[in-house]
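Visitor: Once you've had a glance at the structure underneath, I'll fire off some questions.
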Amino acid sequence: MKHTFQGTGVALVTPFKNDFSVDVEALQKITEHTIAGGVEYLVALGTTSEAPVLSKEEKKLVVKTIIEATGNRVPIVLGVGGNNTAEIIHQLQNETFEGISAILSVVPYYNKPTQNGIFAHFDAIAHASPLPIILYNVPGRTSANMNAETTISLAEKHSNIIGVKEASGDFAQIMEIIRLKPVHFAVISGDDALTMPMIALGGSGVISVAANALSRQFSEMVRLQLENKTLEARKLHYSMLPMIGLLFSEGNPAGIKSLLNAMDLCEEFVRLPLVSVSKKTKDLIKTEWTKISNI
């Protein structure tokens, strides 16, 4: 069950048409764009996909589209998480996962479990999962931080827990996980702006939002830093940093969809309760894109 996801993964958006239906053709285009840009794997139904506002049928359509467009060229990770442990286990035991290499499972949100509760949640999922598991710690969204001790305990107990997408922004916590982790366990950046320093500290790569659009630039930066070519990686990191700030300035995925729209890859529609970025931010994204498009 050892499978280290190294390099750049992309948390794919779900493009919508002007009637807010899923835009299958645009999703195919974005999938092809990311693979052509050199990313190492794709993530379906992550946060950036707007999964909470997709119906069960739409989720199946999104996954089917990504699998078919990918054509086994890169691995696909599927978001399978929530705050109802029993429901997740039911899904893992009853759905087929053909074409999927691993699952990404977020720390339970809203319930605000203790560390013991978080451990028990993922312990149950690890026993039930037919696929390797990447944990996802994003306390800014869940209101519950999975600390280093809990992460390491899960990694040591379960060989099928193969990594964590760390989006806590806490470098002390991240370094403690990297210092103590088992060999099979990958520490993956969940924050585009912190990816380069995380890799320098021993991280395995990133699951990126920006790489939906900046696939070539971002994956090259990651590869350079993984090869310890820090000066070259740093140059790319700083060239993309203003854009990354803009992409998250009015929320995700509104920002990245604005950039994808500027690149003629999809419309910028998001579903309520999210809204598109303001004209000011949209114009700033377009201006920044002209600066970095040929880097």
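Visitor: Output the residues belonging to segment 244-275 that are in contact with a Phe, Trp or Tyr (Cβ under 7 Å, 6 or more places away or on another chain) and of a type outside the set (A, V, I, L, M, F, W, C).
Guide: GLY255, GLU267, ARG271
Visitor: Identify all residues within segment 55-77 that are part of a strand (DSSP E or B) and either at positive phi or out of contact with any helix residue (DSSP H, G or I) (no Cβ under 9 Å at 6 or more places or on another chain) (or both); write none if there are none.
Guide: Hit for segment 55-77 is VAL77, nothing else.
Visitor: Return the residues of segment 190-214 that are within 13 Å of the chain's Cα centre (by Cα) and part of a loop (DSSP other than H, G, I, E, B); say none if nothing qualifies.
Guide: Within segment 190-214, GLY190, ASP191, VAL209 qualify.
Visitor: Would you please name the residue that is farthest from LYS60 (Cα to Cα), looking only at residues in segment 6-47 that are small (Gly, Ala, Ser) and surrounded by fewer than 18 Cβ atoms within 10 Å (Cβ to Cβ)?
Guide: ALA36
Visitor: Just to be sure before I move on: is SER215 crowded, with 21+ Cβ neighbours inside 10 Å, touching a residue at least 40 places away in the same chain (Cβ under 8 Å) and either closer than 28 Å to GLY81 by Cβ or of a type in the set (Lys, Arg) (or both) in the structure I sent?
Guide: yes
Visitor: With the structure loaded, tell me whether ARG223 is in a helix (DSSP H, G or I) and over 20 Å from the mean Cα position of the chain (by Cα) or whether it fails that test.
Guide: No, not satisfied.
Visitor: Among the residues of segment 154-204, what is the count of those that are buried (at least 16 other Cβ atoms within 10 Å of the Cβ), among the hydroxyl-bearing types (Ser, Thr, Tyr) and farther than 25 Å from ALA233 by Cα?
Guide: Final tally of qualifying residues: 0.
Visitor: Cβ-Cβ under 7 Å, sequence separation 6+ or interchain: first residue in segment 97-110 and surrounded by 22 or more Cβ atoms within 10 Å (Cβ to Cβ) and at pLDDT 95 or above, partner assigned to a strand (DSSP E or B) and of a type in the set (S, T, N, Q). Which pairs?
Guide: So the pair list comes out as VAL107/ASN137.
This table checks each residue for (1) touching a helix residue (DSSP H, G or I) at 6+ places or on another chain (Cβ under 6 Å); (2) closer than 20 Å to ILE89 by Cβ; (3) in contact (Cβ under 8 Å) with a residue 40 or more places away in the chain.
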residue	(1), (2), (3)
HIS121	yes, yes, no
PRO139	no, no, no
LEU154	yes, yes, no
LEU180	yes, no, no
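The values are calculated or read from the model by the stated rules, or taken from the named source; none is laboratory data. Nothing here was measured: the structure is a model prediction, and the numbers come from that model. Heads up, the Cβs are rebuilt from the backbone with ideal geometry, glycines too, and the neighbour counts pull from every protein chain shown.
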